[in-house]
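A short worksheet on the structure shown next.
Read the figures in this text as sums done on the coordinates, not as results from a lab. Keep in mind that what you see is a predicted model, and the values were worked out from it rather than measured. With ideal geometry, Cβ positions are generated from the backbone for all residues, glycine too; neighbour counts draw on all protein chains shown.
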Amino acid sequence: MSEALIECVPNFSEGRRPDVIEAILVAMRMEGVHLLDWSLDADHNRSVVTIAGPPAAVVESAIRAAGRASQLIDLTTQEGVHPRIGAADVIPFVPIRDISLEQCALLARQAGTEIWRRYQVPVYFYEAAAARPDRALLEEVRRGQFEGLRDAVLREPARRPDVGGPALHPTAGASAVGARRFLIALNLYLDTAEVAVARAIAKNIRQSGGGLAGVKAMGVTAHSQAQVSMNITDFTRTPVGEVYAAVKEKARRHGAAPVRAELIGLIPEAALERNSEWLRLLVEFDPEEKVLERRLDRPLPWPSNADRS
């Protein structure tokens, strides 16, 4: 019988100091846990790490990641275009094999409780692990970002964390810990520097604005270009190609066009639409490195303390 396998994709509010992320990775290294991907984005000032392995080991790795991030990342001096409430901003658990989403939600609850117990970083539970219906959506949990939430928890009981608090950690904020299905994080760069164009497109395509099911989007400036930054939360319902086509059409109405694509993290094999236009726009895309199932067979080496000396 095969062993249960889960993925965890912690997002850290640091994308400009590789040494900080490498130090977090050193803390995350656990027997049986595979490092599948990690990346830094200076404009978003954010890093995304993907690990996979047996549930207990992955949970412990994620807990340690949150603790190390709380020591190394200070949100009172951090800034970037991506919304955030914590040093270890989001920590989602994703079922891969022989485990249910509901079981991953229980693992998320376990991890969140332990993050508070060990490191005094308060936790909000979201998506399948949400303790309250109004916290199922991550954007609701992150409303106001670190600065706004830091003030809100002191005057609004409804905004207080699910575990710990009521005040946020003074420099590490709070972590959103959850359970979800596979998510595809895709950025599309436009041939314009007008961020208003990207924001208009994002508003039209995201589900909350009456757009595409399971699509979250925002318009930002990255690398001096307008960028539509998207999370596709259910590619079986809304394929990546459909999302790309919508962005392309709405960009055309503004006299613009997508010219480059960027994949953050990994993509499941089933979502890889071969010979599609969006796939051709990906920069230096190697399926052996960016497709989940292939990376599971060939994980990355973990950084060690010796690597940083």
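Miscellaneous remarks
- Contact order for the chain, expressed relative to its length and based on alpha carbon pairs under 8 Å spaced 6+ residues apart, stands at 17 percent.
- Distance violations [Cα-Cα > 20 Å] among LYS203/LYS248; LYS250/LYS290; LYS216/LYS248: LYS250/LYS290
- When ASP19, ASP162, ASP191, ASP297 are arranged by Cβ crowding within 10 Å, least crowded first, meaning fewest neighbours, the order is ASP297, ASP19, ASP191, ASP162.
- Helix-derived mean residue ellipticity, 222 nm - over the chain, DSSP H n ≥ 4, -39500 (n - 2.57), to 500: -10000 deg cm²/dmol
- Segment 191-251, relative contact order [Cα under 8 Å, separation at least 6], %: 33
- Distance from the alpha carbon centroid of segment 183-227 to that of segment 6-72 works out to 26 angstrom.
- Pairwise Cα inverse-distance average, inverted: Kirkwood Rh of segment 1-92 (Å): 13.1
- Each 10 Å bin from zero holds the following percent of Cα-Cα pairs in segment 184-285: 17, 55, 27, 1.
- Ordering 220-232, 250-262 by mean Cβ neighbour count within 10 Å, with the highest value first, yields 220-232, 250-262.
- Mean Cα-pair separation over length for segment 184-285, i.e. relative contact order, pairs under 8 Å, 6 or more apart, %: 32
- Neighbourhood charge, 13 Å Cβ-Cβ cut-off, centred on GLU114 and excluding it, Lys, Arg +1 and Asp, Glu -1: +3
- Sequence of LEU5, LEU292 once ranked by neighbouring C-beta atoms within 10 Å, starting from the fewest: LEU5, LEU292
- The ranking of MET28, MET218 from fewest to most other beta carbons within 10 Å of each one's beta carbon is MET218, MET28.
- Summarised in one figure, the compactness ratio Rg/Rh of segment 5-179, Cα atoms and Kirkwood Rh, is 0.94.
- By the Kirkwood approach, averaging reciprocal distances over each pair of separate Cα atoms, the chain gets a hydrodynamic radius of 19.6 Å.
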